[in-house]
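Beneath this line is the structure, given in C-alpha cells, with notes to follow.
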Amino acid sequence: MKFNKVTFFNDSKGRFGPLKQTEVNGLDFLLDQIEADKEFTILRQVAYMLATVKGETGVFQPLKEKRANPKKQPALFKQQQKYFPSGFFGRGYVQLTFKENYRMAGQKLAGTVIEVQNKDGSKRKLTIDKDTFVNEPDLVMQPPASYQILARGMREGWFRKRKNKVPFKLSDFIKEGSPPDYKGARNKIGRASCRERV
C-alpha cells in the first residue's frame, strides 16, 4: 500500500485543522510502517487502525498511561489498580496492560528484529524474544515495537476473544465487499487492548 504524503497531510489539515509537529512525525512514521507492511491491503482497515492510535494517544505517538485521580475518576482508578502497581500499565499505541499481555506480545513477536533508540540517542538492533517486554516494559514505547503490537494484534486477534476462545480480528469487522463495522471493531478490538488480560 502506497501513500501520497503531500495529499494525505493536506487533506488531513483541510478536514481536522493543522497538526502539531509531534502528530506529523508520528503519522509519517506510521505511514512508512504501513507501506512496508505487506499484510495490509484494505484501506479501511488502515483508517480504523490510525483512528485507534489517535483515540488512544491523541498525538500518534506511543504514550504511557496516566494514573487516574482516585477522587475525580474513582471507577478508572479502581480499574487501573488491577495492573498499575505491577508496573505493567498502559504503554504504546494500544496501551498494552497486564504482565500476561506483555509476555504474550513477546511470544507473538519472538524472532522479529526491530531498531530501537537508546537513552543516549544511539540506535541498536533488537531481536524480540518471549521475555523482552516483561524484562523491559518500556520497550513497548519504542515505535517499531509498538507498531508491531498494534498491527499484528489487530489483524491476528490478540486483544479479545469470544466465549468459545476464538479471537476477534480486524477482518471480522472490516473486509472487502461488506460495509465496515467500525463500532464493532472499536468495542471488540480497539478498546479491549487497553484493559483486559489475555
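The values are calculated or read from the model by the stated rules, or taken from the named source; none is laboratory data. As the structure is a computational prediction, the values presented were derived from the model and not from experiment. When we count neighbours, we look across all protein chains shown, and the Cβ atoms used for this are built from the backbone with ideal geometry, even at glycine. Accessible surface areas use protein heavy atoms only, side chains included; no ligands, DNA or RNA. Shrake-Rupley method; radii C 1.70, N 1.55, O 1.52, S 1.80 Å.
Observations, loosely collected:
- Residues being closer than 16 Å to residue 5 by Cβ and either of a type in the set (Lys, Arg) or open to solvent by 30 Å² or more (accessible area, probe 1.4 Å) (or both) - total across segment 35-70: 4
- Members of segment 35-83 that are part of a loop (DSSP other than H, G, I, E, B), within 17 Å of the chain's Cα centre (by Cα) and free of Cβ contacts under 8 Å to residues at least 12 places away in the same chain: 58, 66
- Scanning segment 10-34 for residues being of a type outside the set (Val, Ile, Thr) and open to solvent by 40 Å² or more (accessible area, probe 1.4 Å) gives a total of 15.
- Only one of 117, 95 that is modelled with pLDDT under 95, closer than 18 Å to residue 133 by Cβ and surrounded by fewer than 16 Cβ atoms within 10 Å (Cβ to Cβ): 117
- Residue, nearest to residue 115 (Cα to Cα), within segment 142-166, restricted to residues that are open to solvent by 50 Å² or more (accessible area, probe 1.4 Å) and either in contact (Cβ under 8 Å) with a residue 12 or more places away in the chain or in contact with a strand residue (DSSP E or B) (Cβ under 9 Å, 6 or more places away or on another chain) (or both): 152
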